[in-house]
Structure formats: C-alpha cells, structure tokens
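Okay, so here's the structure we're looking at.
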Amino acid sequence: MGNVGLLNCDHILMQKQTHSGMTRPLPPKSVIRLIRLWPHARKHGYETGLTWRIGYYSRQDGLDVVRLVDANGEYTQTGDHDWIEKHFEVMSRSKETSMYGTRRPQLGALCADDF
C-alpha cells in the first residue's frame, strides 16, 4: 500500500492505494463500468455493464466528490470514492494530470478510444 505522486498543474497530489487496489483520487477521464447495483438503481434506468468516465473534480467540492460523465458527455452523478469502489470497476485508468480540468476542453461523448 504505497503512495504514488501525481503531478497537477496547481500542486502535487498524493494518490492513496486502497485495499482493493483502486487509487484515490481516480484521475479524470478514467473509464469505469457498473458491476454492482445499489437499491432502486434499475428504477432509474441503470444496469450492470454501463460505463462512465470520471469527470473533472470541482474546486468547490474538492477531490472527495467524484463526478461521473455518461456516454453522452453529460455530468450525471456524483459519489464518493467508497461508493465508486463498491459499485464499479476501473476499465481504463487515465494519465490525466489536471484534476480540475484547468485549461482543458470539456469532456465530450465517450468513444471507443477512451478505453
């Protein structure tokens, strides 16, 4: 359980590795897949196998609030890292270095190239 440094445009962030091997915070643009439903998820149209990207973090909320971007490029949900770790698997870890999207274009629709 070592720490790995992640360079950010604004400052140095430290990523912590959890017991499941998922590093926190997950870099924006990483692709995750739903593997475990939460109560009432189906009622809201969610099924296992759906994919999202980790969106850019908000300075107001900080790195504890993970923003999910759907296949259409819309920020649709937020959650914490524990919830992400419990319900999703990481399909592709991004090499993005700007956690807040500083001087980055807005995320668009999900493409096959993204993972």
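Just so you know, all these numbers are worked out from the coordinates, no wet-lab data involved. Bear in mind that the values here come from a model prediction, so they are computed numbers and not experimental data. Cβ atoms come from the backbone with ideal geometry, glycine included; neighbour counts cover every protein chain shown.
Annotations for the structure displayed:
- Taking the fewest neighbouring Cβ atoms within 10 Å as the starting point, the ordered list for SER30, SER92 is SER92, SER30.
- Amide H contacts of GLN77 (H built 1.01 Å from N, in plane; Pro and chain starts excluded): LEU68 sit under 5 Å, all sequence-distant by 5 or more or on other chains.
- Ranked list, fewest to most other Cβ atoms within 10 Å of each Cβ, for VAL69, VAL31: VAL31, VAL69
- Radius 12 Å from Cβ of ARG36, net charge of other residues (Lys, Arg +1; Asp, Glu -1): -1
- With θ taken as phi - 60° and the Karplus curve 6.51 cos²θ - 1.76 cosθ + 1.60 applied, the whole-hertz 3J(HN,Hα) list for the range 22-35 is 7, 8, 10, x, 5, x, x, 6, 5, 9, 10, 10, 5, 10 Hz, x standing for glycine and proline.
- Derived scalar couplings between HN and Hα for the range 93-99 equal 8, 6, 9, 4, 9, 9, 5 Hz in order, rounded to whole Hz, by the Karplus curve 6.51 cos²θ - 1.76 cosθ + 1.60 (θ = phi - 60°), x for Gly and Pro.
- Look at MET22, MET99, MET91 and count the other Cβ atoms within 10 Å of each Cβ; fewest to most, that gives MET91, MET22, MET99.
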